[in-house]
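The next block holds one structure in the form of structure tokens; read it before the comments.
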Amino acid sequence: MALLTRYKKTGGFLQLLRLIESCSQEKQTKLLSNIEKEDVRWSLAIKEKMLTVERILEFPDEVLGDISQKAQQLTLATALFHIDEKHYDRFLCSFSERAKRLLLEFKNEQKPGPGEIQTALMNIIELTREMIDEGYIVPKLFNPDLVVPSTIEEDLENLPGLELNPHTGAVEMSTSPVKKAIPQNGDSLSYANNGKARKQNSPEEQIAFLSRELKRFKEENSGLKKKLQILEEQLQKHRSAS
């Protein structure tokens with residue numbers, strides 16, 4: 001049975017995402033390679049949504065502080081062996097100076113092996129995913145690409161088919177029949193845009209259109225983030241004044 005068959009259901013994408021995030025680097029690479037062979041659309045989506053330590057370190061300081069507060073002391077101390085020291089202050093920003101000093105002293109007493117460090121990193125990733133699932137971390141406020149829509153399985157099936165070129169390794173429009181095939185020249189592909197259908201006459205035009213739509217959504221999201229920041233600042237001023 002194909003790997004993706006059991007996951008192409010509501011909630012299946014997130015289930016598969018959690019599975020991959022909990023695997024070692026070697027197993028992740030193997031799983032992603034198998035998924036890519038089955039469905040490039042799913043492979044690209046998983047790579048976009050998947051949590052890694054490097055991505056977590058790009059989170060805002062206050063979010064990193066929340067993660068470190070919830071992590072077990074040994075897990076956190078062991079994970080620090082992988083994290084560059086320049087990130088220590090950000091990752092431990094919610095710690096008092098005394099608590100930070102004690103943790104770093106505890107870290108220096110440890111001598112973990114590569115396997116223990118890898119396990120600690122996977123525990124940090126798993127904890128972060130749990131905090132996202134429970135609403136303690138809201139990625140759409142700082143990295144919308146990490147948001148997993150509730151309809152993502154259906155959304156992926158509705159995307160034009162993609163496949164890997166076996167010679168170049170590049171992603172190309174699929175020439176194989178798909179559930180919702182790519183329109184041929186002269187056919188129309190409808191996307192919501194002020195109530196009008198847009199006509200795309202070639203794969204290149206479709207890609208260009210989708211790129212423009214993605215840019216537009218990102219710009220709209222950026223505007224919403226700025227408005228949210230202004231509202232938060234105004235709320236803080238009112239609280240301080242009261």
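The values are calculated or read from the model by the stated rules, or taken from the named source; none is laboratory data. Everything numeric here is computed off the predicted structure, so don't read it as measured data. Don't worry about glycine lacking a Cβ; one is built from the backbone with ideal geometry, like all the others, and counts go over all protein chains shown.
A residue that is touching a Cys at 6+ places or on another chain (Cβ under 9 Å) and in a helix (DSSP H, G or I) occurs somewhere in region 30-46.
All told, residue 134 falls short of being at pLDDT 95 or above, exposed (fewer than 15 other Cβ atoms within 10 Å of the Cβ) and within 20 Å of the chain's Cα centre (by Cα).
If you take the residues in region 1-23 that are more than 15 Å from the chain's Cα centre (by Cα) and surrounded by 13 or more Cβ atoms within 10 Å (Cβ to Cβ), which one is modelled with the lowest pLDDT?
Restricting attention to region 1-23, the residues satisfying the condition of being more than 15 Å from the chain's Cα centre (by Cα) are 1-12, 23.
From what's left, surrounded by 13 or more Cβ atoms within 10 Å (Cβ to Cβ): 3-4, 7-8, 12, 23.
On the way: 3: 84, 4: 89, 7: 91, 8: 89, 12: 94, 23: 91.
Checking each candidate, the answer is 3.
State all residues of region 31-49 that are under 12 Å from residue 14 (Cα atoms) and either surrounded by fewer than 17 Cβ atoms within 10 Å (Cβ to Cβ) or touching a residue at least 40 places away in the same chain (Cβ under 8 Å) (or both); if no residue qualifies, say none. 42, 45, 49 - these are the residues of region 31-49 that are under 12 Å from residue 14 (Cα atoms) and either surrounded by fewer than 17 Cβ atoms within 10 Å (Cβ to Cβ) or touching a residue at least 40 places away in the same chain (Cβ under 8 Å) (or both). The sole residue among 89, 66, 61 that is crowded, with 16+ Cβ neighbours inside 10 Å and either closer than 18 Å to residue 128 by Cα or modelled with pLDDT under 95 (or both) is 66.
Among helices (runs of 4 or more DSSP H) entirely within region 59-165, having at least 3 residues that are more than 30 Å from residue 39 (Cα to Cα) singles out 61-70, 73-79, 88-91, 97-108, 114-133. On the basis of being more than 30 Å from residue 4 (Cβ to Cβ), surrounded by fewer than 17 Cβ atoms within 10 Å (Cβ to Cβ) and of a type in the set (Phe, Trp, Tyr), does residue 106 make the cut? Considered against the rule, which asks whether it is more than 30 Å from residue 4 (Cβ to Cβ), surrounded by fewer than 17 Cβ atoms within 10 Å (Cβ to Cβ) and of a type in the set (Phe, Trp, Tyr), residue 106 comes out as yes.
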